[in-house]
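Novice: Submitted below is the structure of interest, expressed as structure tokens.
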Amino acid sequence: MNQDVIIIGGGLGGLFTGALLAHEGLVVKVLEKNATIGGGLQTFRRGNVEFETGMHILGGFREGGTLRRICSHLGIMENLAIRHLDADCMDEITCASDGKTYRIASGRNAFVQSLAEHFPHQQSKLHEYVDALYNIANEVDAFYLRPSSTGLPQHSEHFLWSADELISHYISDPRLRNLLPT
Ligand SMILES: Cc1cc2nc3c(=O)[nH]c(=O)nc-3n(C[C@H](O)[C@H](O)[C@H](O)COP(=O)(O)OP(=O)(O)OC[C@H]3O[C@@H](n4cnc5c(N)ncnc54)[C@H](O)[C@@H]3O)c2cc1C
């Protein structure tokens, strides 16, 4: 069968994009170079211990969240076993350099507050950084299941920066930079 779209890379991005396009009736082929699809979603075992290669939590599954909206649209929500995270601690990071453990809260303001407790001098910059992330996400119509207004997407300069560049632009404290997800 002829393909309408070929996607290179079977990580979460390629798989969701392929699923959305297939849902729209396009014939999609996803090419994955590794033996297993999933990209950063994969896990591996050593003895009885399972290790994540990257992702260990996924945001956006609460009511009104982006992934909940996309999975509902694709009709796969009921196939997923979701366990919600603690709102006041979605992630806990222990830094080898200072031996401290940082508890990261979920939600736009709570996320900033939990980090600002340790880095009060960076509070306003943390807000700016999080605002920038929301603005970048807002540039992707598919993320919100919005029809695109133009044929060719136009993106801001920030959109094209690497995660490191974006973090360094807003956050000057090197310890805080290391805690932020890239
Ligand atoms: C240590 C770590 C922890 C993380 N924790 C989280 C987390 O808890 N929650 C979260 O949401 N995100 C987390 N992330 C980020 C998350 O892993 C990425 O955002 C996500 O994997 C990106 O998906 P992707 O499809 O763009 O890329 P990837 O998951 O990297 O997938 C890319 C795929 O493309 C394939 N590929 C590459 N080149 C080619 C080629 N030439 N031909 C064919 N196939 C190719 C690769 O093999 C891979 O399967 C973490 C990342 C890291 C590194």
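The values are calculated or read from the model by the stated rules, or taken from the named source; none is laboratory data. Values in this document were obtained by computation on a predicted structure and should not be read as measured data. We place every Cβ from the backbone using ideal geometry, glycine too, and count neighbours over all the protein chains shown.
Novice: Inspect all residues belonging to region 46-69 and state whether any of them is over 30 Å from ALA87 (Cα atoms), surrounded by fewer than 16 Cβ atoms within 10 Å (Cβ to Cβ), among the charged types (D, E, K, R) and out of contact with any helix residue (DSSP H, G or I) (no Cβ under 6 Å at 6 or more places or on another chain). Reasoning before the result, please.
Specialist: If we filter region 46-69 for residues that are over 30 Å from ALA87 (Cα atoms), which is where we start, we get 46-47.
Then drop every residue that is not surrounded by fewer than 16 Cβ atoms within 10 Å (Cβ to Cβ), which leaves 46-47.
With the extra rule that they be among the charged types (D, E, K, R), the set shrinks to 46.
Filter once more, keeping what is out of contact with any helix residue (DSSP H, G or I) (no Cβ under 6 Å at 6 or more places or on another chain): 46.
Checked against the condition, which is being over 30 Å from ALA87 (Cα atoms), surrounded by fewer than 16 Cβ atoms within 10 Å (Cβ to Cβ), among the charged types (D, E, K, R) and out of contact with any helix residue (DSSP H, G or I) (no Cβ under 6 Å at 6 or more places or on another chain), region 46-69 yields at least one hit.
Novice: For region 143-151, does any single residue satisfy the condition of being modelled with pLDDT under 95 and outside any loop (DSSP other than H, G, I, E, B)?
Specialist: Within region 143-151, the first condition is being modelled with pLDDT under 95, and the residues that meet it are 143-151.
Next, only the ones that are outside any loop (DSSP other than H, G, I, E, B) stay: 143-144.
Yes; the residues of region 143-151 include at least one that is modelled with pLDDT under 95 and outside any loop (DSSP other than H, G, I, E, B).
Yes/no matrix, rows are residues, columns are (1) acidic (Asp, Glu); (2) touching a residue at least 60 places away in the same chain (Cβ under 8 Å):
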site	(1), (2)
ALA137	no, yes
SER148	no, no
ASP164	yes, no
ASP173	yes, no
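Novice: So MET90 fits all but one of (1) exposed (fewer than 10 other Cβ atoms within 10 Å of the Cβ); (2) under 25 Å from TYR144 (Cα atoms); what number is the exception?
Specialist: Here MET90 meets the rest and fails (1).
Novice: Out of (1) at pLDDT 90 or above; (2) more than 20 Å from SER106 (Cα to Cα); (3) within 13 Å of the ligand (Cβ to nearest atom), what's the single condition that is false for VAL49?
Specialist: VAL49 satisfies every listed condition except (3).
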